[in-house]
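*Asks:* Let me give you the structure first, and then I'll get to my questions.
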Amino acid sequence: MSFKSTKTAFSIKNNFELKRAYLLFKLISYPFLVGLGKFLIMISVKLRLPVDGLIRLFVFDHFCAGIDEKDSIKIVNLLATKNVKSYLHYSVEGANSEKDYDDCLNSTIKTLEASIINLSLPFSVFKPTGYGSTILFEKKSSNVSFTKGESEEWKRIIERFRVTFSRAKSIGISVFVDAEESWIQPAIDELVEDMMLEFNKERPIVFNTVQMYRNDRFEYLKSLNEKSLKHGFKVGVKLVRGAYMEIERTRALKNNYPSPICDTKEETDIQYDKGIDFMFKNIDRFCMLLGSHNEKSANKAIDLATKNFLPKDHQNLSFGQLYGMSDNITFSLAESGYRVLKYLPYGPVKEVVPYLIRRANENSSVSGQSNRELDMISKELKRRKELKT
Ligand SMILES: Cc1cc2nc3c(=O)[nH]c(=O)nc-3n(C[C@H](O)[C@H](O)[C@H](O)COP(=O)(O)OP(=O)(O)OC[C@H]3O[C@@H](n4cnc5c(N)ncnc54)[C@H](O)[C@@H]3O)c2cc1C
């Protein structure tokens, strides 16, 4: 698939939205301006300056579905007109109290319940550190024993996971558990696998996220397969490359241990491909969402599906992109009949700032991403202008 049709890619964007996206990606393509923008936004938020309107106009509305569920459902329905499904995430970060964790659970439950009346929301998602303390996840991951109070806290985390999957199962939808940094991931993996054992007997309700920029993750996929064979459960996997490369490398260097991240982008790509191959070989057990903006990865999966005579809408194969990015991949796949999901973050403008900063960093640092977006947007604006004349 060529993913080159800008008409398809931007079929739901009007001219104003396209011009705004152009300006946004142009600014983001200069790391210096990203740094300055981050600084100004953080200062404004700290000083409680009334900048919500500006952030919303220039950045937020491009990458986020809205400030609440009502707003976001409009985007869900708009995407659905093009055969694109969605999953909503209340993207407020920095939870650090039992009340915050319960609030986070409640917001996930709300997104689950939105699926009851909207068939375009077949998945939900949560970030494990929204459900409990990062320190606890880290302790558990390094086998450091808990105090009595921490053991109680951990039990509450397990319960939040269980409540989420149990509600999802009763509604009949699946849930992605986001992947985080490698030093807290072992505890997340263990918990998610326990939940797979409990909830994935008939169909994959629980999805773990596997970051293929980690050099141990192919082995991890193999271990999931073995456990699934042994215990008879379906494996849900969101396969991504990974978003925390710089933090991982810096920490490894600082603490003098080998970095868990592949040395080069090429190695990460090879690992990602191996992951796709492996899951296709075991597609009766693995249900995959390929969370990527990489055209080669999407084409690799399309080739494998074709070679294996799988229908385009096979229930164990979906593709996912973030809202505001790589619309050419999303809408081309959807137009051809593949299952495609957009990840739709939402929440109060100021609270979503950390998510927006990650997107700006990603587009600024991943070579070519901004340029690819800029190239597509300018082609589409030109095409629309020529149509008029
Ligand atoms: C639907 C969806 C869900 C996601 N969920 C998560 C999640 O839960 N957790 C998470 O961590 N990320 C998540 N991500 C982000 C993802 O991990 C990537 O950061 C992002 O998608 C870019 O990778 P790519 O495959 O789209 O594109 P590409 O541009 O092909 O790859 C960029 C990625 O390659 C890797 N890379 C780049 N340079 C190097 C290098 N020098 N050496 C080694 N590796 C390198 C990095 O992982 C980088 O992000 C998600 C992405 C999507 C689309």
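The values are calculated or read from the model by the stated rules, or taken from the named source; none is laboratory data. All values derive from a computational prediction rather than experimental measurement. Quick reminder, even Gly has a Cβ in these numbers, built from the backbone with ideal geometry, and neighbours come from all protein chains shown.
*Asks:* List every residue pair whose Cβ atoms lie under 8 Å apart, where the two residues are 6 or more positions apart in sequence or sit on different chains, the first residue falls within segment 317-328 and is near the ligand (Cβ under 7 Å from one of its atoms), and the second residue, located anywhere, is of a type in the set (D, E, K, R) and part of a helix (DSSP H, G or I).
*Replies:* From segment 317-328, the pairs are Gln321/Asp327; Leu322/Arg359.
*Asks:* Are any of the residues in segment 244-254 under 27 Å from Ala21 (Cβ atoms), touching a Ser or Thr at 6+ places or on another chain (Cβ under 6 Å) and either among the hydroxyl-bearing types (Ser, Thr, Tyr) or within 15 Å of the ligand (Cβ to nearest atom) (or both)?
*Replies:* No, every residue in segment 244-254 fails to be under 27 Å from Ala21 (Cβ atoms), touching a Ser or Thr at 6+ places or on another chain (Cβ under 6 Å) and either among the hydroxyl-bearing types (Ser, Thr, Tyr) or within 15 Å of the ligand (Cβ to nearest atom) (or both).
*Asks:* I've got another one for you. For segment 61-78, what are the residues that are under 13 Å from Ala114 (Cβ atoms), part of a helix (DSSP H, G or I) and among the aliphatic types (A, V, I, L, M)? Steps first, answer last, please.
*Replies:* Residues of segment 61-78 under 13 Å from Ala114 (Cβ atoms): 65-66, 68-77.
Imposing the further condition that a residue be part of a helix (DSSP H, G or I) reduces the set to 69-77.
Listed by number, the residues that qualify are Ile73, Ile75, Val76.
*Asks:* In the set Val175, Val240, which member is hydrophobic (A, V, I, L, M, F, W, C), within 15 Å of the ligand (Cβ to nearest atom) and under 20 Å from Leu112 (Cβ atoms)? Reasoning before the result, please.
*Replies:* Values: Val240 fails: under 20 Å from Leu112 (Cβ atoms).
Sole residue among the options that is hydrophobic (A, V, I, L, M, F, W, C), within 15 Å of the ligand (Cβ to nearest atom) and under 20 Å from Leu112 (Cβ atoms): Val175.
*Asks:* Is at least one residue of segment 248-258 part of a strand (DSSP E or B) and at pLDDT 95 or above?
*Replies:* Residues of segment 248-258 part of a strand (DSSP E or B): none.
No, every residue in segment 248-258 fails to be part of a strand (DSSP E or B) and at pLDDT 95 or above.
*Asks:* Go through segment 335-374 and give me each residue that's assigned to a helix (DSSP H, G or I), of a type in the set (Gly, Ala, Ser) and within 14 Å of the ligand (Cβ to nearest atom).
*Replies:* Of segment 335-374, the ones assigned to a helix (DSSP H, G or I) are 335-336, 349-365, 369-374.
Applying the additional criterion that residues be of a type in the set (Gly, Ala, Ser) yields 336, 360, 364-365, 370.
Hits for segment 335-374 are Ala360, Ser364, Ser365, Ser370.
*Asks:* Does Ser223 satisfy the criteria of being of a type in the set (Ser, Thr, Tyr), within 27 Å of Lys85 (Cβ to Cβ), assigned to a helix (DSSP H, G or I) and more than 14 Å from the ligand (Cβ to nearest atom)?
*Replies:* Answer is no for this residue.
*Asks:* Test each condition in (1) over 25 Å from Glu93 (Cα atoms); (2) within 10 Å of the ligand (Cβ to nearest atom); (3) surrounded by fewer than 23 Cβ atoms within 10 Å (Cβ to Cβ) for Lys379 and report the one that comes out false.
*Replies:* (2)
*Asks:* Of the residues that make up segment 295-304, is at least one of a type outside the set (Gly, Ala, Ser) and more than 22 Å from the chain's Cα centre (by Cα)?
*Replies:* Yes: segment 295-304 contains one or more residues that are of a type outside the set (Gly, Ala, Ser) and more than 22 Å from the chain's Cα centre (by Cα).
*Asks:* What are the residues in segment 259-290 that are assigned to a helix (DSSP H, G or I) and in contact (Cβ under 8 Å) with a residue 40 or more places away in the chain, if any?
*Replies:* Start the filter on segment 259-290 by keeping residues that are assigned to a helix (DSSP H, G or I), which leaves 265-281.
Selection gives Glu267, Thr268, Gln271, Tyr272, Lys274, Gly275, Phe278, Met279.
*Asks:* Anything in segment 224-279 that is surrounded by fewer than 13 Cβ atoms within 10 Å (Cβ to Cβ), under 29 Å from Ile205 (Cα atoms) and not charged (D, E, K, R)? List them, or say none.
*Replies:* Leu229, His231, Gly232
*Asks:* It is to be established whether one or more residues within segment 79-91 are loosely packed, with under 14 Cβ neighbours inside 10 Å, in a helix (DSSP H, G or I) and out of contact with any helix residue (DSSP H, G or I) (no Cβ under 6 Å at 6 or more places or on another chain). Before you say what the answer is, go through the steps one by one.
*Replies:* Filtering segment 79-91 for residues loosely packed, with under 14 Cβ neighbours inside 10 Å gives 81.
Retained after the next criterion (residues that are in a helix (DSSP H, G or I)): none.
Taking every residue of segment 79-91 in turn, none turns out to be loosely packed, with under 14 Cβ neighbours inside 10 Å, in a helix (DSSP H, G or I) and out of contact with any helix residue (DSSP H, G or I) (no Cβ under 6 Å at 6 or more places or on another chain).
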